[in-house]
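Have a look at the structure below before the remarks.
The values are calculated or read from the model by the stated rules, or taken from the named source; none is laboratory data. These numbers were taken from a predicted model, which means no experiment stands behind them. For neighbour counting, all protein chains shown are included, and Cβ atoms are generated from backbone atoms with ideal geometry for every residue, glycine included.
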Amino acid sequence: MSMTSSIGFYTPGFYARETLNWATQSLGQDMIDLYLVAPILLVSSILSWKGNNTAVYIWAGTNLFLVYTFCIYCFDVHFNSMFIFYCINLGLAFYSLLFFVYTQVKTPARIQVNNLVLTNIIGIYFILISICFYFLWLSDIIPAIVAHKVPASLLEVGLPTNAVHVIDLAVFLPGMFITGILLLRKKTLAFILAPVSLVFFILMNITIGGLIIMMSRKGIEASMAVAIAMGFLAFFSLILLILYAMQMKKNTEYS
């Protein structure tokens, strides 16, 4: 990941085949991956290896973010010299997630978060986020389908389809909604997925806010109000993660 991000960010004209909008977003993603995500992945990997339980969930959430990100690199960035490495990064992140699932199955944890207010807030948060983004994406997609046109947001980036729409509508948003429901019902699976999802939210919200700021600086129309909202959601998710991790540390037992 560090290699692909470094080459993409520091090589002049590396994204020359992309539109200005998409090239700016690609450069912004490279910068965030290099200076934020890579250090978090490295530190959480070391701490996980040393047996830090909280770091394991941070590591898994970071890998979830990388699966999401490198799906977009693989499918929505024009073919370039880093393509094979995009695929390798996607595979590493995906199988790291599978390894996380395997460890949870092999050594099941009796996770018990007794703070009902906290778990209910997180569960409702997941449900609301999934519903809001469904409405946001569908408000862009359905009018275009009805009018037999391509969504304006898609024309701006010059892509055949929006990989974010695909991943969110088909996989991620339903997963968040289900996790929220399971968390409200106090299911063990949800207790495991909650911190992973919160880490993903933190990284994704920071990414969206950072990309909006970069686009604005390049003269591309972007809403700073959305960037501020993403900053608030990242901070809110971080607070929830800290509180949740404190509860997990107190109540988690291994069979």
query = With respect to TYR95, is the statement that it is surrounded by fewer than 19 Cβ atoms within 10 Å (Cβ to Cβ), within 18 Å of the chain's Cα centre (by Cα), part of a helix (DSSP H, G or I) and at negative phi true?
reply = yes
task = Evaluate the following for VAL146: is it of a type in the set (A, V, I, L, M, F, W, C), touching a residue at least 40 places away in the same chain (Cβ under 8 Å) and farther than 16 Å from LEU198 by Cβ?
result = no
remark   = Of those in the stretch 197-232 that are within 9 Å of the chain's Cα centre (by Cα) and among the polar types (S, T, N, Q), the residue nearest to PHE172 (Cα to Cα) is SER197
request  = Return the total of residues in the stretch 113-137 being in contact with a Phe, Trp or Tyr (Cβ under 8 Å, 6 or more places away or on another chain), at pLDDT 95 or above and over 18 Å from ASP168 (Cα atoms).
outcome  = 1
message = Among the residues of the stretch 82-98, what is the count of those that are hydroxyl-bearing (Ser, Thr, Tyr) and in contact (Cβ under 8 Å) with a residue 12 or more places away in the chain?
response = 2
task = Filter the stretch 124-145 down to the residues that are under 17 Å from THR161 (Cβ atoms) and β-branched (Val, Ile, Thr), then identify the one that is nearest to the chain's Cα centre (by Cα).
result = ILE141
Members of the stretch 213-247 found to be of a type in the set (Ser, Thr, Tyr) and closer than 27 Å to VAL196 by Cβ, listed by number = SER237, TYR244
task = Mind listing whichever residues of the stretch 63-82 are aromatic (Phe, Trp, Tyr) and not in a helix (DSSP H, G or I)?
result = PHE79
request  = Out of ILE141, ILE124, report the one residue that is touching a His at 6+ places or on another chain (Cβ under 7 Å) and either of a type in the set (D, E, K, R) or surrounded by fewer than 18 Cβ atoms within 10 Å (Cβ to Cβ) (or both).
outcome  = ILE141
task = State whether the residues of the stretch 49-58 include one that is part of a helix (DSSP H, G or I), within 26 Å of ILE213 (Cα to Cα), aliphatic (A, V, I, L, M) and out of contact with any Lys or Arg (no Cβ under 8 Å at 6 or more places or on another chain).
result = yes
ask   = Can you tell me which residues in the stretch 13-30 are in a helix (DSSP H, G or I) and buried (at least 18 other Cβ atoms within 10 Å of the Cβ)?
value = ASN21, TRP22, ALA23, THR24, GLN25, SER26, LEU27, GLY28, GLN29, ASP30
